[in-house]
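Undergrad: One structure coming up, written as structure tokens, with questions to follow.
The values are calculated or read from the model by the stated rules, or taken from the named source; none is laboratory data. Predicted model, so just to flag it, every value in this text is computed and none were measured. Cβ coordinates were reconstructed from backbone atoms using ideal geometry, including for glycine residues, and neighbour counts include every protein chain displayed.
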Amino acid sequence: MTRWGMVIDLDLCTGCAACEVACKSENNIATVPPDQAMMGRSISWMKVETDLEGEFPETRAVFYPRPCMHCDNPPCIRVCPVGATYINDEGVVGQIYPRCIGCRYCANACPYIAKYFNWYGPEWSESERQHLNPDVSVRPKGVIEKCTFCHHRLQKAREEARAEGREMLEADYQPACVESCPTAAITFGDLDDPEHRVAELKEDPRAMRLMEDLGTRPKVYYLAPRE
Amino acid sequence: MRRDAAAILADMPPDERVLLRPLLETSRGFRVTATLLAAVTVWGVVAYYLQVRYGLGRTGLNRPGYWGIYIISFVFFIGISHAGTLISAILRVSKAEWRRSITRSAELITVLVIGFGAIQPIVDLGRPDRVLTVILHAQMLSPLLWDVISIGLYFTACTVYLYVPMLPDLALIRDSGIKYPRLYTFLAAGYRDTPAQRARLERVIGVLSIVVIPIAISVHTVIGWIFAMTLRPMWHSTIFGPYFVMGAIYSGIAAILVAMVVLRKAYGLQEYFKDIHFDYLGRLLLVFSLLWFYFTFAEYLTAFYGGEPAEMRAFWAKISGPFAVPFWTMVAGCFFVPLALMSRRSTRTPRGTFVAGIAVMVGMWLERFNIVVPTSVNPRWEIESVGRYLPSWIELSIMAATFSGFILVYMLATKFIPIVSIWEIKEGREESVHLVADRVAGYLPGHPAQPERADP
Amino acid sequence: MSPTRREFVWTAGAAGAALALTRVPDVIWTAQSDDEIAWQPGIEDRLTSTCLVCPARCGIRGRVVDGNLVEIGGNPLHPVSRGGVCPRGIAGVQTLYHPGRISSPLERVGPRGSGEWREISREEALSRVSERLGGLREEGRPEKLALVSGYCAGTMSDLWRQFLVAFGTPNRVPEEYHDGTDLVMGLMHGMRRQPGYDLENARFVLSFGAPLFESWWSPLQAYVAFSGRGTGGERPHFVQVDTRFSRTAAGAHEWVGIRPGTHAVLALGIAYVLIRDGLIDERFLDQHVSGFEDFTDQQGRRRTGYRSLVTRNYRSEEVSAVTGVSVERISSLARDFARGGAAVAVCGSDVTQSAHGLLAGLAVHSLNVLVGSVGRAGGVMFGDAPPLGSLPQPVLDATATSGLERERVGSSGVPFGEGDPSLRFARGVVDSSEPTIEALLVYYANPLASSPRPDLWEDAIDRIPFVVSFSPFLDETASLADVILPDLLSYERWQDAPVPRSHPYPVWGIARPLVEPQAGGTHTGDAILSLARSLGGSVAESLPFEGFETVLRVRARGLFVAGRGMTLGDEFGRRHHRQMEQRGWWLPEHGDFDSFWDDLVEKGGWLDLFYDETDPARISQREDGRIALMPEELLEVLEAQGRRDAMYIEVVSPGSEEAPLLLIPYRLSTLSSGTLSLERWLSELPTVLPEVFWEPWVEVNPETAHDLGLDDGDMVHVASERGRYRARLKVFPGTAAGTVCAPYRLRHPDGEGANPLQLLDDSHDPLTGLSSWFSTPIRLERA
Ligand SMILES: Nc1nc2c(c(=O)[nH]1)N[C@H]1C(S)=C(S)[C@@H](COP(=O)(O)OP(=O)(O)OC[C@H]3O[C@@H](n4cnc5c(=O)[nH]c(N)nc54)[C@H](O)[C@@H]3O)O[C@H]1N2
Ligand SMILES: Nc1nc2c(c(=O)[nH]1)N[C@H]1C(S)=C(S)[C@@H](COP(=O)(O)OP(=O)(O)OC[C@H]3O[C@@H](n4cnc5c(=O)[nH]c(N)nc54)[C@H](O)[C@@H]3O)O[C@H]1N2
Ligand code: SF4
Ligand code: SF4
Ligand code: SF4
Ligand code: SF4
Ligand code: SF4
Ligand SMILES: [Mo]
């Protein structure tokens, strides 16, 4: 069984936010105006969270890049009254934008707050529309959205591999955030395929998952920073 | 026509005369109040239009404060709805004779308030245009869907439960011809108050009052589960089902009391809403204030004792953090004020219960607030920044409109149906006095156990 | 948010499909039609180029669909960035498609600053400029022309130089990245150039305030080294010495929090331990270094050497008291630095941009010398410049010759380097009684907003009758221009992109048009060439090129014939190439120049990994062939200034004691242009440390905030003698008490400026003229 997953090495993450911006560019995520951002309405499917401790000069920080965890047991999908969020048989948790009624129940059910809501419709000027990625739909106002593991890339990679009559390789399907990371802190692949690096990395003694005790079984692993 | 009706009314027996008068006479105060309420309601409708037009962004909601006023109002109003039906059903089943004059006004609250409560989640939707998707793509694992079903059932049951016992009164109005004969002919649905019909009516009421109890309990249990089924701190709690039901009944009693005081004053119903009613309901309120304290204490103690960090953040946010004011106001409103007022006979008066009722309603609204907002804005992951939620004027307007709309429709309803059940009062006067005497006698030693009047 | 803005169209992609439920509400729901953008299999391309957003010049790949640039990712073949990019690079698409871009050449019609323009054609604009410039030459006053240019290292810079020389003016005002390390290297190594740091092969990287992960010459070079991706997972240990908890400090393995202005004291404290504990590389010092021991100078005077100075003045307790770093930490830093070789101390521009910047820079770099980390893998290296084909010798007619003999406006007057030429130029224009400059060209710079003295620049521009801007955006300076000939944006044009010299090997990246240029834009390179053509005569002769692409080909031909290097290749190719060159082999890979050029463009550039460690000229080019720890020319200047004993002694920046609050401006790593924030994605979330949105902010320690009676989120005025600006207060525990960290390059959402650099007082290093950025006392007031 294919189970797509991610391993993020916290030791390598410098909090540069390239992953955040790469995700926005790949997935047509609009910005919100300043007053909205101040209210906490900006959208960032990948969000670098900072665990900050201590005062000058003893301050320490660990950066946690946080996509959707694509939980194997996702609390978000059960609560959706219309099945607009679902998990597919490869473990990717997706959203059906045209079906979402915008009740935000899933957003409240997600312990990682990985879901984002379109409080208004996205704003793109005429010229900015030229840089929208045609592979990804622009979400209308009033619906929930979140990291999709760049699922459209999987579809493309599959098609390409099929067209070339070969097996799809690990390198064929890599999300935008993974590709952009300058320190290669993020690894992506099939957790169940021993050939893929993530399969090995998730067994690393440093590997952990967020809020493991909740039983959500995230498919995003973190390698704890070495002290 | 009008003079005729007044003349007819003047010729009627005293109960009818008093109880039907509001159907014919409308005071200036009523008109002014209704106009004001209508204005507020229209204002709220405009606010909602703006929200639909421009998006939910017009609210103060955000991430992680995903839910706010609308969900609070939803829980609150559906809670109030336990006023009527549930209480009147329990009183009917337990044959509490003092219920006769209060059931109608209580049941009316229920039906209206379910309607006003049930639209709240729709107001809260990002895409109200897609609301039918809930039926087309029903996903039965979602507690929201359980709610859609139980509220739907509840609304139907309550409407029937309001309507059926109203039939004899509707027939009375029809027969008296004091108002819109065709409307009342239609509403009375051929009810002639023959003994057979009356017997069937009583049987239906008996069945309904039993059926409606589990439905009512399920409704608020499921609403509690909406929160409890998530893994969020201070939501994920098994006590939420019963806690919500208890709170609902509590706020329902408070609502009845307030409504009764107002009706009594407005329509001169001192003879029907007697001090004894306030005394009894006041005692009930007292019991519930103690129950409320018990549940709340149990809920917070378990959270506190466990000391789970995420729970504690939400906990302290309420106890001493940014939500301390709403929290302690809630405790005052739901516990101290009613306890103080209702534990003494001298304040279990209409005026005393009115104050206590208002305090409990405010307290219970705040309880919903304290459940929804602090958890919503306190992410489980401590490194996520804590959110802030301030409702926008759109949300406040819609909330105000919900209150005003409800009161307005309630007021208007009193112009079409007698707010005290005339036939039940009459029945009480004519039969129950003896029946009760016999029944009480039957409880006593030395008398053969009187067979209960089997429902005919 | 006004309804009209809200109605702003949005497009629902596939989302529209299921909306068909109810058609009526749709009208309310969508200002524009909600219909699906029918997905079409667009014509898709991935094209290699180079990011020109900052001096790092990383390799990129643009994803172009149907002629639109939709995504920017890294070029895995690029030897410095290795497929990585930074957020600014990615957000470049938002610069390219920025709605505020100027769409046609403009001529001012109203008075200056009125914002009234007339669209003119490119030809009209060029002839307007050439008439004006031609006039200056005809009247024999070519020196009345000046150019102010921002960062444009590479052929654009060379082309401007060629043009100005042939025209006959010495007035070129570079608004470039002067970090002062070149002056340090000039003194110690006799090579005035920025040092290269072989971070990738280092074992221990000790950065003195260099914002390696933020705005360093090449953050990607630092990231790649940090990740160990080029060395099979071997990672250097990164230690960041910094006055604030910067993102570099947070990401590094260790952070040494230090008092403002005391970096050099810590460096010398470490030197002290190295010397005391015998951790220095005696052999290297013997062979390659002068001035370590006491010595006799050329005039025969006895001079104190480095060893004596340091052992006498930098005992650990004293250093600890000054810097705030504990004695044990100093010792352990020294031991870690010396143990096992390949340690490198990186000198940040923040060390050099202080009142004693040059001396402090020397102090930091002396650590590399002590442990012999010079000219070796993992140390400081001086790589070559790429062997580019040169431009022809400029032809000078009499007018040009006489013009070039004139003095530059606002000449330097500092012993080393040029100081701040832009500021001096503005002052020169304003101070002179007669008109000094009659025509000003502004390329890639916006001094009216970026200068610490915008008021001076405003006066200066007031006195210049003709101003031409090449800016694609209507920035402050362009707004006052008489003619605007908007440049193409970097994704539309040809440009060469040598990586900064912080990289130890030469890499010549190439940027090429990824999308069709916008009709109204003109490549400034082409504009220079056509100006030269219309000026005719010797100017035209000096620039005999058809277009800018031709110039680049001329330069690339130099690489083709150099007999070294390769077009960018993968890891394997690079290793192979290096091994071959080390053995003295080089095989041409391309039969002719055209195929070389095509390959160069396809791969994204050229590199040469070979570094001859045995070449003594790579260690020192001073007369005696040694690295000078006590450069005599500096000693003499110091003596002349009456600071006889300044060397290695006067390295602490003053100011922190008496000031109630000290301003520490810092550069945000995410905002790409000095004064224009064009990318919404970056403005919205400019950094993750601390969490902020859109608005300018300043960071203060919780204690300081408490003392000032201010709370997190308060709006404050940051004020100095010079001026003030508005910013949001952010309480941040990583900020030292008594300091105010102020990110620059931000603006308020409404455009209001918030430039901490404009608060700086006039203090500067008397040796280099570089202004001191970390010594301005300021106040915070609730706004
Ligand atoms: N990626 C990218 N890189 C760039 C640029 C760009 O646009 N993008 N621009 C380039 C340009 S033009 C410039 S000028 C440079 C700017 O780069 P730098 O000159 O390095 O300037 P900042 O990034 O502002 O870094 C200032 C640092 O100095 C530290 N500091 C604070 N107080 C003191 C003190 O008292 N003494 C010392 N010694 N240090 C202190 C601060 O903590 C901060 O980390 O960046 C260049 N590099
Ligand atoms: N507010 C503020 N002031 C600063 C700084 C800051 O970060 N913020 N940094 C300081 C430092 S360290 C420096 S080095 C200076 C730098 O200051 P400047 O050299 O003046 O650089 P910028 O302010 O970035 O202005 C560059 C201008 O070039 C234009 N431009 C952008 N892209 C292109 C292009 O493709 N072609 C052409 N021809 N023009 C283009 C833009 O309009 C932009 O305004 O500023 C200093 N002052
Ligand atoms: S791109 Fe990589 S290093 Fe940068 S924040 Fe994301 S995970 Fe961390
Ligand atoms: S992280 Fe949240 S949104 Fe993602 S699958 Fe898990 S519960 Fe759902
Ligand atoms: S917001 Fe959308 S996806 Fe989330 S629960 Fe509601 S309908 Fe489902
Ligand atoms: S996997 Fe794709 S969608 Fe998810 S955070 Fe990364 S770039 Fe964004
Ligand atoms: S570091 Fe500079 S050159 Fe490299 S991607 Fe970022 S902006 Fe572009
Ligand atoms: Mo700069």
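Undergrad: Got a number for residues in segment C:697-730 being more than 22 Å from C:G324 (Cα to Cα), within 11 Å of chain A (Cβ to nearest Cβ) and under 31 Å from the mean Cα position of the chain (by Cα)?
TA: 1
Undergrad: Further question: Name the residue, out of C:G230, C:G261, that is away from ligand 4 (no atom under 16 Å from the Cβ), assigned to a loop (DSSP other than H, G, I, E, B) and surrounded by fewer than 22 Cβ atoms within 10 Å (Cβ to Cβ).
TA: Criteria check complete, one pass: C:G230.
Undergrad: So which residues in segment A:61-84 are in contact with a Phe, Trp or Tyr (Cβ under 8 Å, 6 or more places away or on another chain), more than 8 Å from chain C (Cβ to nearest Cβ) and outside any loop (DSSP other than H, G, I, E, B), if there are any at all?
TA: Passing the criteria: A:Y64, A:R66, A:I77, A:V79.
Undergrad: Check segment A:50-59 and report whether any residue there is part of a strand (DSSP E or B), farther than 18 Å from C:I90 by Cβ, within 11 Å of ligand 3 (Cβ to nearest atom) and of a type in the set (D, E).
TA: Looking through segment A:50-59, none of the residues is part of a strand (DSSP E or B), farther than 18 Å from C:I90 by Cβ, within 11 Å of ligand 3 (Cβ to nearest atom) and of a type in the set (D, E).
Undergrad: C:G300 - would you say it is touching a residue at least 40 places away in the same chain (Cβ under 8 Å), surrounded by fewer than 19 Cβ atoms within 10 Å (Cβ to Cβ) and not in a strand (DSSP E or B)?
TA: no
Undergrad: If you take the residues of segment A:85-117 that are more than 13 Å from A:I144 (Cβ to Cβ) and away from ligand 6 (no atom under 16 Å from the Cβ), which of them is farthest from the other protein chains (Cβ to nearest Cβ)?
TA: Among those residues, the one meeting the criterion is A:D89.
Undergrad: Going by the conditions given, is C:L757 more than 14 Å from chain A (Cβ to nearest Cβ), of a type outside the set (V, I, T), out of contact with any Gly (no Cβ under 9 Å at 6 or more places or on another chain) and part of a helix (DSSP H, G or I)?
TA: yes
Undergrad: Moving on. Residue check: is C:G134 more than 19 Å from C:D475 (Cα to Cα) and either more than 14 Å from chain A (Cβ to nearest Cβ) or surrounded by 22 or more Cβ atoms within 10 Å (Cβ to Cβ) (or both)?
TA: For C:G134, the condition - more than 19 Å from C:D475 (Cα to Cα) and either more than 14 Å from chain A (Cβ to nearest Cβ) or surrounded by 22 or more Cβ atoms within 10 Å (Cβ to Cβ) (or both) - is met.
Conditions (1) surrounded by 21 or more Cβ atoms within 10 Å (Cβ to Cβ); (2) more than 25 Å from C:G251 (Cβ to Cβ), marked per residue:
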{"residue": "C:A705", "(1), (2)": "yes, yes"}
{"residue": "C:D711", "(1), (2)": "no, yes"}
{"residue": "C:R726", "(1), (2)": "no, yes"}
{"residue": "C:T739", "(1), (2)": "yes, no"}
{"residue": "C:H748", "(1), (2)": "no, yes"}
{"residue": "C:L759", "(1), (2)": "yes, yes"}
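Undergrad: Being outside any helix (DSSP H, G or I) and in contact (Cβ under 8 Å) with a residue 12 or more places away in the chain is the filter here; which residues of segment B:203-233 pass it?
TA: Scanning segment B:203-233 gives B:M229, B:L231, B:R232, B:P233.
Undergrad: Answer yes or no: is there a residue in segment A:34-47 that is outside any helix (DSSP H, G or I), within 8 Å of chain C (Cβ to nearest Cβ) and not β-branched (V, I, T).
TA: Yes: segment A:34-47 contains one or more residues that are outside any helix (DSSP H, G or I), within 8 Å of chain C (Cβ to nearest Cβ) and not β-branched (V, I, T).
Undergrad: Taking segment B:323-349, which residues are in contact (Cβ under 8 Å) with a residue 24 or more places away in the chain and more than 18 Å from B:F288 (Cα to Cα)?
TA: Of everything in segment B:323-349, those that are in contact (Cβ under 8 Å) with a residue 24 or more places away in the chain and more than 18 Å from B:F288 (Cα to Cα) turn out to be B:F323, B:P326, B:F327.
Undergrad: Of all residues in segment B:265-307, which are over 24 Å from B:M330 (Cα atoms) and not in a helix (DSSP H, G or I)?
TA: B:G268, B:L269, B:Q270, B:E271, B:Y272, B:F273, B:K274
Each row is one residue, and each column tells you yes or no for (1) under 21 Å from A:E26 (Cα atoms); (2) modelled with pLDDT of 95 or more.
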{"position": "A:W124", "(1), (2)": "yes, no"}
{"position": "A:K141", "(1), (2)": "yes, no"}
{"position": "A:C150", "(1), (2)": "yes, yes"}
{"position": "A:R153", "(1), (2)": "yes, yes"}
{"position": "A:H196", "(1), (2)": "no, yes"}
{"position": "A:E200", "(1), (2)": "no, yes"}
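Undergrad: Which residues, counting only those in segment C:46-80, are within 12 Å of another protein chain (Cβ to nearest Cβ) and within 16 Å of ligand 8 (Cβ to nearest atom)?
TA: C:A56
Undergrad: Answer yes if at least one residue in segment C:206-216 is within 20 Å of the chain's Cα centre (by Cα), assigned to a helix (DSSP H, G or I), in contact (Cβ under 8 Å) with a residue 40 or more places away in the chain and crowded, with 24+ Cβ neighbours inside 10 Å, and no otherwise.
TA: Checked segment C:206-216: no residue is within 20 Å of the chain's Cα centre (by Cα), assigned to a helix (DSSP H, G or I), in contact (Cβ under 8 Å) with a residue 40 or more places away in the chain and crowded, with 24+ Cβ neighbours inside 10 Å.
Undergrad: Among the listed residues A:R153, A:R139, identify the single one that is within 14 Å of ligand 6 (Cβ to nearest atom), within 7 Å of chain C (Cβ to nearest Cβ) and under 17 Å from A:G94 (Cβ atoms).
TA: After ruling out the rest, the residue left standing is A:R139.
Residue-wise test of (1) within 11 Å of another protein chain (Cβ to nearest Cβ); (2) near ligand 1 (Cβ under 9 Å from one of its atoms); (3) modelled with pLDDT under 95.
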site	(1), (2), (3)
C:V224	yes, no, no
C:V239	no, no, no
C:A249	yes, yes, no
C:T262	no, yes, yes
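Undergrad: Can you confirm whether B:G321 is more than 14 Å from chain A (Cβ to nearest Cβ), under 19 Å from the mean Cα position of the chain (by Cα) and either surrounded by fewer than 22 Cβ atoms within 10 Å (Cβ to Cβ) or not in a loop (DSSP other than H, G, I, E, B) (or both)?
TA: Here the answer is no, as B:G321 does not meet what is asked.
Undergrad: Okay, next question. So in segment A:68-92, with the set limited to residues that are under 16 Å from B:T230 (Cβ atoms) and under 15 Å from the mean Cα position of the chain (by Cα), which one is nearest to ligand 2 (Cβ to nearest atom)?
TA: Step one: list which residues in segment A:68-92 are under 16 Å from B:T230 (Cβ atoms), which gives A:69, A:71, A:73-81, A:85.
Right, trim to under 15 Å from the mean Cα position of the chain (by Cα) and you get A:69, A:71, A:74, A:76, A:85.
Details: A:M69: 37, A:C71: 42, A:P74: 43, A:C76: 42, A:T85: 42 Å.
Checked segment A:68-92; the qualifying residue nearest to ligand 2 (Cβ to nearest atom) is A:M69.
Undergrad: Condition check: at pLDDT below 95, farther than 20 Å from C:C86 by Cβ and either within 16 Å of ligand 1 (Cβ to nearest atom) or of a type in the set (S, T, Y) (or both). Does A:P34 satisfy that?
TA: Taking the combined requirement at face value, the residue does not satisfy it.
Undergrad: Scan A:P111, A:P134 and give me the residue that is surrounded by fewer than 21 Cβ atoms within 10 Å (Cβ to Cβ) and assigned to a loop (DSSP other than H, G, I, E, B). Show your work before the answer.
TA: Details: A:P111 fails: surrounded by fewer than 21 Cβ atoms within 10 Å (Cβ to Cβ).
Answer to the check: A:P134.
Undergrad: Let me ask something else about it. Does A:Y97 satisfy the criteria of being part of a loop (DSSP other than H, G, I, E, B), in contact with a helix residue (DSSP H, G or I) (Cβ under 6 Å, 6 or more places away or on another chain), touching a residue at least 40 places away in the same chain (Cβ under 8 Å) and away from ligand 5 (no atom under 15 Å from the Cβ)?
TA: No: the conditions fail for A:Y97.
Undergrad: Now for a separate question. Return the residues of segment C:162-189 that are closer than 15 Å to C:A210 by Cβ and either within 16 Å of ligand 6 (Cβ to nearest atom) or touching a strand residue (DSSP E or B) at 6+ places or on another chain (Cβ under 8 Å) (or both); say none if nothing qualifies.
TA: Selection gives C:T181, C:V184.
Undergrad: While we're on this one: When you go through B:Y280, B:Y294, B:Y300, B:Y243 one by one, which is the residue that is surrounded by 20 or more Cβ atoms within 10 Å (Cβ to Cβ) and hydroxyl-bearing (S, T, Y)? Let's see the steps before the verdict.
TA: Values: B:Y280 fails: surrounded by 20 or more Cβ atoms within 10 Å (Cβ to Cβ); B:Y294 fails: surrounded by 20 or more Cβ atoms within 10 Å (Cβ to Cβ); B:Y300 fails: surrounded by 20 or more Cβ atoms within 10 Å (Cβ to Cβ).
Exactly one of B:Y280, B:Y294, B:Y300, B:Y243 is surrounded by 20 or more Cβ atoms within 10 Å (Cβ to Cβ) and hydroxyl-bearing (S, T, Y), namely B:Y243.
Undergrad: Now a separate question. Please identify the pairs in which a residue from segment C:626-643 that is under 28 Å from C:D615 (Cα atoms) has its Cβ atom under 8 Å from the Cβ atom of a residue that is aromatic (F, W, Y), counting only partners at least 6 apart or on another chain.
TA: Note: pairs meeting the criteria are C:L629/C:F292; C:L629/C:Y306; C:M630/C:F295; C:M630/C:Y306; C:L634/C:F416.
Undergrad: For C:E407, indicate whether it is among the charged types (D, E, K, R), away from ligand 4 (no atom under 16 Å from the Cβ), outside any helix (DSSP H, G or I) and within 14 Å of chain A (Cβ to nearest Cβ).
TA: Values: among the charged types (D, E, K, R): yes; away from ligand 4 (no atom under 16 Å from the Cβ): yes; outside any helix (DSSP H, G or I): yes; within 14 Å of chain A (Cβ to nearest Cβ): no.
No; evaluated as a whole, the condition is false for this residue.
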